[in-house]
Every structure is written in structure tokens, then in C-alpha cells.
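To start, the structure under review is shown below, and the notes come after it.
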Amino acid sequence: MNTVATESNPNLQRARNRLIQSLIDQGITNERVLEALRVVPRHLFIEPALQYRAYEDATLPIGQSQTISQPYIVALMTQALFASSRVQTILEVGTGCGYQTAVLGALVKRVYTVERIRSLQESAEARLRDIGYRNIEYRHGDGFVGWKDRAPYDGIIITAAATEIPKMLLEQLAIGGRMVLPLEEKNGDQYLRVIRKTGKDLVEENLLPVRFVPLLRGVQA
Ligand code: SAH
């Protein structure tokens, strides 16, 4: 665990501990993942007017019509990534406010994160640097094509719903690695999909129905 900061406010730590208990009650079992969510200060990723809701297990708006993911979904996706044996590098598509990025940053050697909306990319980078993360690389770009220079990645996580599995991302996934993404079907339903790359083959599994903002192409200045 890359410890970033210990919480000095006992009320916030209590709220976070309650959230962790609810994640355990919902079936999250990976101790390292639970510990990462226990240390990341989610209230710092949310605008002041909504901070009192930071430790509810809920999705909240972050501006630009985007959202911060629900803690249970962040925990579930992270746990799915870490089912592989040795995970040191992760590519995240959809930095948003940077909350999922922070959880990953607490767990691995290096996180590479891409966001297509410039204002979100810049504020997430400033926030994560302020909190103390030094093992994250940021990029304003279209994550649909990945980040080839830094590939291969032990894990890839997409935090916006794709209508097809991005081929270039699969190519950038290391053998033995896992990719986790919300995948939207033709009828509009979305499922969390886990893809394991075992050499030439892919082993795929749907975890549960979800609701994410769409994965869009191109960048927004
Ligand atoms: N990871 C965030 C959730 C972000 S919401 C969390 O921890 O709460 C999804 C984000 O994906 C949005 O910020 C959206 O702008 C971004 N996004 C959508 N399509 C993208 C693309 N092609 N490349 C990079 N980012 C994208």
C-alpha cells in the first residue's frame, strides 16, 4: 500500500469506515482494495456543496455532465483488476475527478490515466498532486486508442461505457492481464465486463448491470 495521508479528522475516518463496512456487506473481499478505499479522501474529489454526501455509496455529479463513480462499483472494478497475480501498471481511461485513479494509485507502482475533457483532466491532476500522489501519469486525450508508448499494461480499466471493446486497448494489455469495462448492448443495457488475456485467447465474464456515462471519441478542449 502506498500510504498517501492518514486522516486527521476522526468524523471523516468514521464515515469512511462505515462505507468500508457496507462494501464488505455487499461482498467486496480483497483486503488491499478495502484498505485503499479506507485511505482515499473521497470528499476532496467532490464540490463543497455535495461533500456532506461523500461517504454515501452513491454516484454524484462532478460537472461537465460527468459523475464520480459509486464506491461499490469502484471497489468491484478494482477487485476484478487485481484478480491477476502481479499487477504493477494500470491504464485508466476516463480520469474524471480522479477518485478511481487515487484508489489505483494507492495500490500499484504506476498508473497512467487519460481524460478527454481538458478542464477535468487538469483539475484531477492538480488535486491528485496536492493530495500527494507521485506515481500517476496524466494525459489529455482520447483513451479509446489507449496510450501506446507506455504499453503493455498489467491492467486496463475503462470508466465510461463502450459500445464495443476497444481493440487497441486489448493490444496494449499484457498477457495474463485483465481489462474491466462497462459495455453497452444494442438495447442500451450496460454490463460490467471482465476480459482476461490468456495468450491468444480472451476469457470474458459479465459481472453485473451498471449505468455509466458514455465513452466518447475525440477530445474536448
Ligand atoms: N473514474 C471516475 C469516473 C469518471 S466518469 C471516478 O473515479 O469517479 C467518466 C469519464 O470518462 C468522464 O470524465 C469522461 O469525460 C471520460 N471519457 C469519456 N470518453 C473518454 C475517452 N474516449 N477518453 C478519455 N476519457 C473519456
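Do we find that Tyr99 is closer than 25 Å to Glu7 by Cβ and of a type in the set (Ser, Thr, Tyr) in this structure?
yes
Quick check on my filter: what residues within the stretch 70-84 are polar (S, T, N, Q) and open to solvent by less than 20 Å² (accessible area, probe 1.4 Å)?
If the condition is that a residue be polar (S, T, N, Q) and open to solvent by less than 20 Å² (accessible area, probe 1.4 Å), then Thr78, Ser84 are the ones that fit.
Name the residues in the stretch 60-81 that are more than 8 Å from the ligand (Cβ to nearest atom), more than 12 Å from the chain's Cα centre (by Cα) and in contact (Cβ under 8 Å) with a residue 40 or more places away in the chain, would you?
Gly63, Ser65, listed by residue number.
Of the conditions (1) open to solvent by 10 Å² or more (accessible area, probe 1.4 Å); (2) in a helix (DSSP H, G or I); (3) among the hydroxyl-bearing types (Ser, Thr, Tyr), Ser8 clears all except one; give me its number.
Just one mismatch for Ser8, condition (2).
Out of the residues in the stretch 85-118 that are open to solvent by less than 10 Å² (accessible area, probe 1.4 Å) and in a helix (DSSP H, G or I), which is farthest from the ligand (Cβ to nearest atom)?
My answer is Gly105.
Is it the case that Tyr153 is within 12 Å of the ligand (Cβ to nearest atom), crowded, with 19+ Cβ neighbours inside 10 Å and over 12 Å from Leu215 (Cβ atoms)?
Judged against the criteria, Tyr153 is not a match.
Go through the stretch 129-146 residue by residue and tally those that are more than 10 Å from the ligand (Cβ to nearest atom), buried (at least 18 other Cβ atoms within 10 Å of the Cβ) and assigned to a loop (DSSP other than H, G, I, E, B).
The total comes to 1.
Being in contact (Cβ under 8 Å) with a residue 60 or more places away in the chain, open to solvent by less than 40 Å² (accessible area, probe 1.4 Å) and either in contact with a Leu (Cβ under 7 Å, 6 or more places away or on another chain) or away from the ligand (no atom under 16 Å from the Cβ) (or both) narrows it down to one residue among Leu192, Leu215, Leu169, Leu207; which is it?
The unique qualifying residue is Leu192.
The values are calculated or read from the model by the stated rules, or taken from the named source; none is laboratory data. Keep in mind that this is a model prediction, so the values were computed, not measured. Neighbour counts are summed over all protein chains in view; Cβ atoms, including those assigned to glycine, are modelled from backbone coordinates with ideal geometry. We work out accessible area using only protein heavy atoms, side chains counted, and drop any ligands, DNA or RNA first. Shrake-Rupley method; radii C 1.70, N 1.55, O 1.52, S 1.80 Å.
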